[in-house]
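**Q** Here it is, the structure, as structure tokens.
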Amino acid sequence: MSAKKIFILGGSGFVGGHLVRRLSTDGHEVTVATRYAPAARHLSIVPGVRIRQCRPHDLESLTGALEGHDLVINLVGILNERGFGGKGFRRAHVELVEKIIIACEAGRVGQMIQMSSINAGEGSSHYLKSRGQAEQLVRQADSGGLLDTAIFRPSTIFGPDDSFLNRFAGLLKISPLLPLARPNARFAPVYVGDVVEAFARVIAGKRLGGETYELCGSEVWSLKELVQWLRDQLGLRRLVVGLPDPIGRAQGMAFNLVPGKPFSSDNFKSLLLDSVCTDNGFERLGIEPWGMAELAPTWLGANGSQGPVSRDRS
């Protein structure tokens, strides 16, 4: 495998931190682009990694930062926007991808991997619509010969430092009652290490080939089952209550006004579609993914028999 010079947008986040370390181990030179360099300071000690401060929505700044690289990885994504109407999602997901493609052509960068989401382009949420529009731009760049691309579409990603299990764990610890919108919505949570392995294997190939990979863990859960399982792993006595859709929709509307938007109307719309795979991208890459119940107990402090088994396997 030949080493590459890789430019990552969104590299200081949850997935990015794991990916940067893996790419460094594989011998690649990695540039983590960020608007605020101190936010990526924790990655500066990783061998072969440098932090580059740039303004990603400024074409001149982005092009200058991209020049000299072989591959760009876009991990940028938001689950909620500050305002309403989808403008924030379009800026983060669509307008940025437009600029990346233009900058790649100007800076002679030949490859791009786009992080997207299961159900991109489907449903009524601004999140999924904008993800789908970004995918369309990437595919057009590939079919037009501008870039050699790949797209990853993971289900919800979990890991010791995620914002998924940890958010629910935090809520369970402070509240005796947890009401859930869309309790029967289904997920196939995917371990961050498996997602990183998928990146590594695609990058190791000579060409990305315009492929799209759906990435799901080996287990499918309803949201209520998942939260109840997490509650039990934490040894808590909490009541988890599923809300009917009219009340869940109202909950989203109410949380639209809460600072930080821990839940929103757009989140509710996204939950109307199950986050499960219709195509097994891991199988195509020769990866056997973990299930959440297999692996998460190793850091949740599970009481069940899966804990020691998972620790041995890990």
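The values are calculated or read from the model by the stated rules, or taken from the named source; none is laboratory data. The structure displayed is predicted, hence computed values, not measured ones. Note that we place each Cβ from the backbone using ideal geometry, even for glycine, and neighbour counts take in every protein chain shown.
**Q** Find the residue count for the range 70-81, including only residues that are touching a Cys at 6+ places or on another chain (Cβ under 9 Å) and not aliphatic (A, V, I, L, M).
**A** Of the residues in the range 70-81, 0 are touching a Cys at 6+ places or on another chain (Cβ under 9 Å) and not aliphatic (A, V, I, L, M).
**Q** Is it true that some residue in the range 234-247 is farther than 30 Å from residue 149 by Cα and in contact with a Phe, Trp or Tyr (Cβ under 7 Å, 6 or more places away or on another chain)?
**A** no
**Q** Could you list, in sequence order, all residues of the range 48-68 that are in contact with a strand residue (DSSP E or B) (Cβ under 9 Å, 6 or more places away or on another chain) and not in a helix (DSSP H, G or I)?
**A** 48, 49, 50, 51, 52, 53, 54, 56, 68, listed by residue number.
**Q** Let me confirm something: among 131, 153, which residue is of a type in the set (Lys, Arg), modelled with pLDDT of 95 or more, closer than 20 Å to residue 264 by Cβ and crowded, with 18+ Cβ neighbours inside 10 Å?
**A** 131
**Q** While we're here: Let me confirm something: among 118, 51, which residue is under 19 Å from residue 267 (Cα atoms), of a type in the set (Val, Ile, Thr) and modelled with pLDDT of 95 or more?
**A** The unique qualifying residue is 118.
**Q** Quickly run through the range 237-265 and pick out the residues that are at pLDDT 95 or above, surrounded by 14 or more Cβ atoms within 10 Å (Cβ to Cβ), more than 12 Å from residue 184 (Cα to Cα) and of a type in the set (A, V, I, L, M, F, W, C).
**A** Those that are at pLDDT 95 or above, surrounded by 14 or more Cβ atoms within 10 Å (Cβ to Cβ), more than 12 Å from residue 184 (Cα to Cα) and of a type in the set (A, V, I, L, M, F, W, C): 240, 250.
**Q** Any idea which residue in the range 77-101 is nearest to residue 5 (Cα to Cα), counting only those that are in contact with a helix residue (DSSP H, G or I) (Cβ under 6 Å, 6 or more places away or on another chain) and of a type in the set (Val, Ile, Thr)?
**A** Result: 101.
**Q** Okay, next question. Go through 78, 8 for me and flag whichever is modelled with pLDDT of 95 or more, within 17 Å of the chain's Cα centre (by Cα) and surrounded by fewer than 18 Cβ atoms within 10 Å (Cβ to Cβ).
**A** 78 is the lone residue from the list that is modelled with pLDDT of 95 or more, within 17 Å of the chain's Cα centre (by Cα) and surrounded by fewer than 18 Cβ atoms within 10 Å (Cβ to Cβ).
**Q** While we're here: Just for the range 12-45: of the residues that are at pLDDT below 95 and assigned to a loop (DSSP other than H, G, I, E, B), which one is farthest from residue 76 (Cα to Cα)?
**A** 45
**Q** Do we have residue 188 as surrounded by 23 or more Cβ atoms within 10 Å (Cβ to Cβ) and more than 23 Å from residue 62 (Cβ to Cβ) here?
**A** yes
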